[in-house]
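Each remark here refers to the structure printed beneath this line.
The values are calculated or read from the model by the stated rules, or taken from the named source; none is laboratory data. On a predicted model such as this, the values are computed, not experimentally measured, just so you know. Cβ: placed from backbone, ideal geometry, glycine included. Neighbour counts: every protein chain shown.
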Amino acid sequence: MAGRSKTASGDAPEKSPIVEAELRRRRSQRSFPASTFEEPLEFAKAVFRIGSGQPVKRLTLFDQLGKSPESGGSRQLIINSSRYGLTRGGVQAENIDLTPEGLRVVDEQTSARERAILSAQLAISNIEPFQKLYDKFVGNKLPAHAVLIDAARDVGIESNHAAEAVDTFVVNLRFVGLLKTLSGAERIISQDLLLSELPSSPIGTLSAHRALPNAGTSIVTSDHAQYQSTCFYIAPNWRRAFRSPKTF
């Protein structure tokens, strides 16, 4: 048939270079980020530090990081950070900006509980195949690697990416605290159990950007007090107001 070439045996037509390239591209696509969560998180922290929470020029950002903005590693950082929902802006974007979730998860003023929730959401819940694997095994011991690979295929991850997906999934679980050693075995725990291990925010340690409702005065801790310019107001019943009746 005109326009189609055959192999030496004449049994099957050869694929054109364009078709081969497209097939390779499709085979290389992942349904999950091409790195663990930790590296893009560090990149997001750098965006926050350099820009003080504001958008940063891409060229300026990588100049401050001492990296070439056009290198493969820099481009992959941008892609993976975006896929994890930490930053906005592509590899050719003028600015790199933190998402609302990315801003909260890297801000030290965010409570430990909120950071834990956001980290679990960004690293696991928002990545569809990872969430499916988590739903399948949460509450159980971490299965054997081969079992996880079979499960990865079952949730739609291509076979040639299944092992990488499992490795990334397990590292992310451990990093965000959803993989714990309990009773001598590693177990995938629920987010409720993770949060139960974290302290609740006590009175007086609210994030600096959150105002106390109906408050006309500020609470100054010893870490932030400027004693030469601070006026202290001592109420007669401060023990009753700020101490738990269970303790006193």
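Restricting region 29-76 to residues that are charged (D, E, K, R) and part of a helix (DSSP H, G or I), the residue that is farthest from residue 121 (Cα to Cα) is 63.
Sort out which residues of region 110-140 are among the hydroxyl-bearing types (Ser, Thr, Tyr) and within 13 Å of the chain's Cα centre (by Cα), and write them in order of number.
Listed by number, the residues that qualify are 119, 125.
Of all residues in region 94-109, exactly one satisfies the criterion of being more than 15 Å from the chain's Cα centre (by Cα), at pLDDT 95 or above and in a loop (DSSP other than H, G, I, E, B), namely 94.
Just to verify a result, which residue in region 45-93, among those that are more than 26 Å from residue 110 (Cα to Cα) and polar (S, T, N, Q), is nearest to the chain's Cα centre (by Cα)? Checked region 45-93; the qualifying residue nearest to the chain's Cα centre (by Cα) is 76. Checked against the criterion of being in a loop (DSSP other than H, G, I, E, B), in contact with a Phe, Trp or Tyr (Cβ under 8 Å, 6 or more places away or on another chain) and among the aromatic types (Phe, Trp, Tyr), region 114-137 contains not a single residue that satisfies it.
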